[in-house]
Amino acid sequence: RSEKKRLKKEMRKMKPLWRRISYQLLKTVFIRIPLILIAIIAITLLTLKLYLTPQNVQNLAVSSFAGMSYGTLSMNVERFNIYRGWEISNIVVRSGPDFNSEKLFEMERFVFNYNFFAIFTGSVRFPEIGFYKPRIYLREKNGVWNAATLMKPSEKKKEPEPEEKEEEEGEPSKDISLPISVDFLLNLILDDLRVYVRGADFSADLQGLSF
């Protein structure tokens, strides 16, 4: 056996240098790099799943909303899975101090279900996107609506001037062609939407909208 090993090593040394370099290059491109990428993706997905727990998502959403608005957000994240969906209950958005922190929006339950990994097999499915008993309360005070004063003003950025594009001859194709067949499913549920509008000179209600 030791003699066979010694012969194999000598045979390898006898191979031309360019062949050995090409072999190592192909091995790196088609084996090592894909394995490293797969490991990085797997670690990233696992880290996101471990970090984005229902409690962490709830705290992050509440703190983010407080930072970009004058109002408050409260909710209970019952279930959260970054690859399968989430369920949130008792969602309440309140106005700022200018409207005495009154309710602007509330919803009993919000469900968003999907399958992230099935997308790569051409199956785009949303078994349930449900809005259950949403309520919107619009109120006017001193000529200003509560929805208009909820969010803090964002910093204005200078928009670059659009470049003039030369018109291309011929009509663009309206057909969309995909390399694989796609299976699409969307189950959208709206259960008992109600909107209450209270203005200075009028009031209006929308009740019981469902589909």
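The values are calculated or read from the model by the stated rules, or taken from the named source; none is laboratory data. As the structure is a prediction and not an experimental result, all values here were calculated from the model. With ideal geometry, Cβ positions are generated from the backbone for all residues, glycine too; neighbour counts draw on all protein chains shown. We work out accessible area using only protein heavy atoms, side chains counted, and drop any ligands, DNA or RNA first. Shrake-Rupley method; radii C 1.70, N 1.55, O 1.52, S 1.80 Å.
Descriptive notes on the structure:
- Check: region 23-114 dipole with +1 on Lys, Arg Cβ and -1 on Asp, Glu Cβ, in debye: 620
- Potential extension, A148-V92 segment - 0.36 nm per residue separation minus Cα distance: 18.4 nm
- Pair L46, A66: separation of 7 Å Cα→Cβ label points (nm): 3.4
- Here the label points at E78 and E102, each 7 Å from Cα along the C-beta direction, are separated by 3.0 nm in the simple model.
- Top positive-direction residue, dipole computed over region 56-140 with Cβ charges, set S123, I88, V57: S123
- Given a 1.4 Å probe and the protein chains as shown, M107 ends up with an accessible area of around 20 Å².
- Percent carbon-and-sulfur accessible area, region 71-148, ignoring ligands, DNA and RNA, probe 1.4 Å: 57
- Model label sites at D192 and S210, defined 7 Å from Cα along the beta-carbon direction, differ in position by 0.8 nm.
- Estimated at the nearest 10 Å², the accessible area of K141 is 70 Å² with a 1.4 Å probe.
- Unsatisfied cross-links (Cα-Cα over 22 Å) in the set K49/K103; K49/K133; K103/K141: K49/K103; K49/K133
- By accessible area with a 1.4 Å probe, ligands and nucleic acids excluded, highest first: order of L46, L150: L46, L150
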